[in-house]
Number of protein chains: 2
Amino acid sequence: MAIEIEWLSGRGVAAPKGFRVGAARAGIKTQGLDVALLLADEGATCAAVFTTSQVKAAPVLVSAEHLSAGHARAVVVNAGNANCCTGEAGKQNARRMCELAAQKIGLTAPEVLVCSTGIIGHPLPMDKIENALAALELNASDEEAARAFMTTDLVPKFIAARAEIGGQTVTVGGQCKGVGMIGPNMAPLSVPHATMLAFLTTDARVEAPRLQALLERAVARSFNSVTVDGDMSTNDTAILLASGASQVEISDDNEGQFLDLLGAVCRELAKKIARDGEGATRLVQIEVAGTATEADARTIALSIANSPLVKTAIFGRDPNWGRIAMAAGKAGVAFDAAKLSFSLGEVPLFENGEPLPFDLATAERQLANENVFIRLQLGEGDADWTAWTCDFSYEYVKINAEYHT
Amino acid sequence: MAIEIEWLSGRGVAAPKGFRVGAARAGIKTQGLDVALLLADEGATCAAVFTTSQVKAAPVLVSAEHLSAGHARAVVVNAGNANCCTGEAGKQNARRMCELAAQKIGLTAPEVLVCSTGIIGHPLPMDKIENALAALELNASDEEAARAFMTTDLVPKFIAARAEIGGQTVTVGGQCKGVGMIGPNMAPLSVPHATMLAFLTTDARVEAPRLQALLERAVARSFNSVTVDGDMSTNDTAILLASGASQVEISDDNEGQFLDLLGAVCRELAKKIARDGEGATRLVQIEVAGTATEADARTIALSIANSPLVKTAIFGRDPNWGRIAMAAGKAGVAFDAAKLSFSLGEVPLFENGEPLPFDLATAERQLANENVFIRLQLGEGDADWTAWTCDFSYEYVKINAEYHT
């Protein structure tokens, strides 16, 4: 039974009951808010997934430790510095950030998870963070909280929605950041610069193991299916806190409905990342259907989503569909090219291994839309997957070539 | 025992004895030569590897068929059209190209392999190819042959070298093309737009199974280790013809020396591809050492070589070394980040998991050189691998966004 989702305009992580959030300027970034603190009421549960990179930033290692301790209900974050490749001193600084945040709000350090995003390889300016946390108050708006962890993001990305579950209202909020070094593949506890960070909140009551399982399922079809440059970060982290303040208990009976709500919030946040991708002029949605497994469909969808040739063609509004076939073919998934079909928006281009005649102007119009859709049918099974990306423009090169160490 | 290699200035595929080559203009490209034919003397042996893409162009399928027939000694190629995603008609056209070439030189069609490169999804203009082959004569220069299969290449890429093997001279020649859609991973007989094509020739006498094994080994550490955009093509093909005209028989005893010579030619050609990569301003060599397996080292080297963030940083001459750590970490190869060390040219940046102090101006100078070197030590074993790429510039976007269907 599909649930009816009501989007809450202008709201984010503090929309669900039982959350408070603070934001401050530490002066790590050249301007703007760059430290935030999110706190859930006592009794909250927590779940998280982290980058699967072999080079994991210090805050990822410390957060994974604290998560496994089992009582986390706060998150502290800074932007402007990733605290990655900073050796043992980096780990001490990440622990110290948790301690400072814990002191501020009357928790113990293991109750706090920590995230950092920004440049790799520089020591965290702990004095600035200490001062900012001392001055911070838990009265920020959802938008301020979302702004406080931005790096090269052009817009703050936050959202909230609610739905009736068993006759009672459950709310889910979220915020995320990241527009470059975006190709997340996060997994549980696999102890994990512009980096993907997502903070999710809900006032449902969910036991920690169930919360973890639901987060993993929601992340798979959202954040782990978005890419800007395929460059998986050392710091990617998604954290879900459940305050329980709505008194709605999530059980086997209603977890499907809750997952619909959580999944919708995560999906919209993931699309915001792709749309705000460095240099992006268009959001591109790639739907792959008819594979033997979901993993196959995801692999093909991300191969297309990461192809520089596909992405530059979209930027140039060129329906050069051979690049779609190329990117599907190189994915490393076995399929019969004679059963491959695909379309660009409303225009079928290729059917069962044969090219179709099409009107060039109509195809070009599909690429001029704000949202571009590429749909493939492999004819090998019933599984499907959707990925999101953006086009690849001069501006991406400018942002990343002129950003200086 | 290392052999002494003598490079033959200005020579290419016809440098070894027993080869003739012709080039002609069919009018498929807007200008220049676009059809070529390479013929080895009677008794020659042939080996080839093809793209591992699931979407294989018609000429790849037909060439693999002809190779397995066992008597190929000629190659016909056209530029300007990939004959890919062209359905059954495409396969008939590829066969027809072999027949036309075979008639011209008095062979049977299965003695001819065929390659095409250019735009995907358009029918081959067979009348133009037929006229060009009718007019073609086997008297082209090595440079003309190399020019005749260029697409977006700025320069023709060809080379030849000789060495003494058992007191007699063996010569190897080669030409290649491709500057975009470059991320080859070719394999034997796994039947395979700007596309990587390489034609290699030698006057050594090598039995076909040995020739195939040697080609595979040479390709692994050369063409299969070069990338421009990671976009493996539908048409990638490398073909090696051995005329036997030098009378030097390659056996178990001297195949190591022959492989040194063949490998050197393939490696120099692969570097030419990276240096001429679309929009490239620098050649980047990535050396990964200290992994448990060669496959691990290759995976990490190519992960760095394909990273948009690494490549844009090099274009911007920014020693933003965190991106090297990121790209190594995301490769999917398990390693202990606490044992990772790496350097940029002559400047050590990271040692055993800890950042090193370095002089920014000195590091920037490493990136201003024509050839940029990135060297990693994983500390996990004794295997190593080298990959080549180029930087990622505005010009890459321009070439691929403004190239129109």
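The values are calculated or read from the model by the stated rules, or taken from the named source; none is laboratory data. Predicted model, so just to flag it, every value in this text is computed and none were measured. Virtual Cβ from ideal backbone geometry, glycine too; neighbours counted across all protein chains shown.
Observations on the structure shown:
- Odd one out for A:Ala102, checked against (1) under 25 Å from B:Ala337 (Cβ atoms); (2) surrounded by fewer than 20 Cβ atoms within 10 Å (Cβ to Cβ): (1)
- Selection within the stretch B:311-320: residues that are in a helix (DSSP H, G or I) and more than 8 Å from every other protein chain (Cβ to nearest Cβ). The member of this set that is surrounded by the fewest Cβ atoms within 10 Å (Cβ to Cβ) is B:Ile314.
- Among the residues listed as B:Asn235, B:Asn224, the single one being not in a loop (DSSP other than H, G, I, E, B) and not assigned by TED's automatic domain parsing to the domain that holds B:Val310: B:Asn224
- Candidate set from the stretch B:224-249 (those that are touching an Asp or Glu at 6+ places or on another chain (Cβ under 8 Å) and more than 13 Å from chain A (Cβ to nearest Cβ)); member that is surrounded by the most Cβ atoms within 10 Å (Cβ to Cβ): B:Ala242
- Test: residue in the stretch B:85-96 that is surrounded by fewer than 18 Cβ atoms within 10 Å (Cβ to Cβ) and of a type in the set (S, T, N, Q): yes
- Taking the numbered list (1) under 22 Å from B:Thr52 (Cα atoms); (2) not in a strand (DSSP E or B) in turn, A:Val288 passes all entries but (2).
- Some residue of the stretch B:274-281 being farther than 30 Å from A:Glu395 by Cβ, surrounded by fewer than 24 Cβ atoms within 10 Å (Cβ to Cβ) and more than 12 Å from every other protein chain (Cβ to nearest Cβ): no
- Condition met for A:Thr108 (within 14 Å of chain B (Cβ to nearest Cβ) and among the hydroxyl-bearing types (Ser, Thr, Tyr)): no
- Whichever residue in the stretch A:375-394 is over 16 Å from A:Thr281 (Cβ atoms) and either modelled with pLDDT under 95 or in a strand (DSSP E or B) (or both) and, among such residues, is nearest to the other protein chains (Cβ to nearest Cβ): A:Leu376
- Criterion violated by B:Glu370 - all others in (1) charged (D, E, K, R); (2) at pLDDT 95 or above; (3) in contact with a strand residue (DSSP E or B) (Cβ under 9 Å, 6 or more places away or on another chain) satisfied: (2)
- Restricting attention to the stretch A:261-286, the residues that are under 22 Å from A:Ile250 (Cα atoms) and of a type in the set (Lys, Arg) add up to 1.
- Flag: B:Ser303 does not match the condition of being under 24 Å from the mean Cα position of the chain (by Cα) and at the interface with chain A (Cβ under 8 Å from one of its Cβ atoms).
- Within the stretch A:119-155, tally of residues that are of a type in the set (Asp, Glu) and more than 19 Å from the chain's Cα centre (by Cα): 3
- Unmet criterion (only one of (1) closer than 21 Å to B:Glu88 by Cα; (2) buried (at least 20 other Cβ atoms within 10 Å of the Cβ)) for A:Gly353: (2)
- Scanning the stretch A:321-367 for residues that are over 16 Å from A:Thr389 (Cβ atoms) and polar (S, T, N, Q), we see that the one that is nearest to the other protein chains (Cβ to nearest Cβ) is A:Asn352.
- Wholly within the stretch A:98-216, strands (runs of 3 or more DSSP E) carrying at least 1 residues that are more than 21 Å from A:Leu33 (Cα to Cα) and among the hydroxyl-bearing types (Ser, Thr, Tyr): A:168-177, A:197-202
- Checking B:Ser53 against (1) in contact with a Leu (Cβ under 7 Å, 6 or more places away or on another chain); (2) part of a loop (DSSP other than H, G, I, E, B), the condition it does not meet: (1)
- Among the residues of the stretch B:248-274, those that are of a type outside the set (Val, Ile, Thr) and over 19 Å from B:Phe199 (Cβ atoms) comprise B:Glu249, B:Ser251, B:Asp252, B:Asp253, B:Asn254, B:Glu255, B:Gly256, B:Gln257, B:Asp260.
- For the residues B:Phe350, B:Phe342, B:Phe358, the requirement of being within 23 Å of B:Arg275 (Cβ to Cβ) and either assigned by TED's automatic domain parsing to the domain that holds B:Arg221 or among the aromatic types (Phe, Trp, Tyr) (or both) singles out B:Phe342.
- The set of residues in the stretch B:347-396 that are among the aromatic types (Phe, Trp, Tyr), within 27 Å of A:Asn83 (Cα to Cα) and under 26 Å from the mean Cα position of the chain (by Cα) comprises B:Phe373, B:Phe392.
Condition check ((1) over 21 Å from B:Ile28 (Cα atoms); (2) at pLDDT 95 or above) across all residues:
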site: B:Gly70; (1), (2): yes, no
site: B:Asn78; (1), (2): no, yes
site: B:Cys98; (1), (2): no, yes
site: B:Leu107; (1), (2): yes, yes
site: B:Pro125; (1), (2): no, yes
site: B:Leu138; (1), (2): no, yes
site: B:Glu144; (1), (2): no, yes
